[in-house]
1. Name the trypsin sites (Lys or Arg not before Pro) in the range B:142-186 that are in a loop by DSSP and that have at most 16 other C-beta atoms within 10 Å, would you?
2. Counting only C-alpha contacts under 8 Å and six or more residues apart, can you give the relative contact order of the range A:77-169 as a whole percent?
3. Looking at the range B:77-169, send over the antiparallel percent of its DSSP beta bridges, to the nearest 5.
4. Can you tell me the relative contact order of chain A? Whole percent, Cα pairs under 8 Å, sequence separation 6 or more.
5. How long are the semi-axes of the equivalent ellipsoid of the range B:5-53, taking √(5λ) for every eigenvalue λ of the Cα gyration tensor, in whole Å from largest down?
6. Give the calculated FRET efficiency between residue B:97 and residue B:189 to the nearest 0.05, with a Förster radius of 25 Å applied to their Cβ-Cβ distance.
7. For every other residue with a beta carbon closer than 14 angstrom to the beta carbon of residue A:145, add +1 if it is Lys or Arg and -1 if Asp or Glu, then tell me the sum.
8. Over the range B:47-94, calculate the relative contact order: mean separation of alpha carbon pairs under 8 Å at least 6 apart, over the residue count, as a percent.
2 protein chains.
Amino acid sequence: MGFSPLIEKLINAFCCLPGVGQKTAQRMVFQLLTRHKEGASHLAKTLAEALDLISHCRRCRTLTETEICDFCSSDRRDETSLCVVESPADVLIVDQATGFKGKYFVLLGRLSPLDAIGPEEIGLDLLAKRLDEGLVQELILATNPTVEGEATAHYVSEMARKRNIRATRIAHGVPMGGELEYIDNNTLSQAFSDRKIL
Amino acid sequence: MGFSPLIEKLINAFCCLPGVGQKTAQRMVFQLLTRHKEGASHLAKTLAEALDLISHCRRCRTLTETEICDFCSSDRRDETSLCVVESPADVLIVDQATGFKGKYFVLLGRLSPLDAIGPEEIGLDLLAKRLDEGLVQELILATNPTVEGEATAHYVSEMARKRNIRATRIAHGVPMGGELEYIDNNTLSQAFSDRKIL
């Protein structure tokens, strides 16, 4: 004997969340159904509402319930520099950490030929159109420093070069506050070869 | 600037899940909205359906969408022994591990005066009625071996004693496959004083 069919179905539905397996899903389901019914009903409603209303900003591809997101529609942000990131969360991270006042473009992924993710899937056709508008003077590539992120940055920088737009890449090196002893060789060698004159 | 209001609301809604904070909720939301829309919509629907249909078994208090759960309605299970557990998940755990063929009673909690959880909150009035029916001959107390679980077991055993029903408690001791070196003192001392003749 097991849980009732509907409980089983709900547990399996929770397993689609990242990092959630059978046991965690089970804990979530029992907590929601016993102690947290209002929270659960709020979650169900909000999720349905979000799925209904949220789609991609037509200009930068980030997730938003408006046609054009706040970042793109703001006229206090500089149209001439465009920062390319992998995910909507990265927009916020860059914005809060750096004081960057330009616009963003969200790839919603990275080039990954093995997973059949090519230039179209990460919206590079839309980015090409944006660059062709002629406003962007600097393209800042803030994709993740992974193999795929680097390849994506390289690919996008070629797009910029063809249009005579300056492409820059965020610096790689030793993280602030870290100790050399604990830094991996790859990072340290990159930091060494990118050394700056003081 | 931040995420759009609806995304922010959805992230907060996910924070009600056990073990999920702001960052994890954010990851869940972006994964669901970008890569996993069908999964998300299935989750929203199933959760709403479950909240609507699932309630407590009228006999044992476990969660089920039927009035009486499968365990209680089965006539192949022995009515004379009743196993008392804290949560619906524990029913399955005991059932799969032990080969117990009796019935279950689910407290949906444990006595905890500090949190205002008294006998009524954990359904002991319903359990009293069940014991008064006169069918139960052995009450197996399988609450967790925590301070509150022990107190609950003790309280329930008193209910049984008043009705001349045998109350038993699952054994405490050294877990099978463990090493004495790593067992806490409390458990080891319990195992020592509960030693059996071979």
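1. B:163
2. Computed value for the range A:77-169: 31 percent relative contact order.
3. 5 percent
4. It rounds to 13 percent for chain A.
5. 18, 14, 10
6. With R0 = 25 Å, the Cβ-Cβ based efficiency is 0.50.
7. -4
8. 22 percent
Bear in mind that the values in this text are calculations on the coordinates, not laboratory data. Remember, predicted model here, so these are calculated numbers, not experimental data. Note that we place each Cβ from the backbone using ideal geometry, even for glycine, and neighbour counts take in every protein chain shown.
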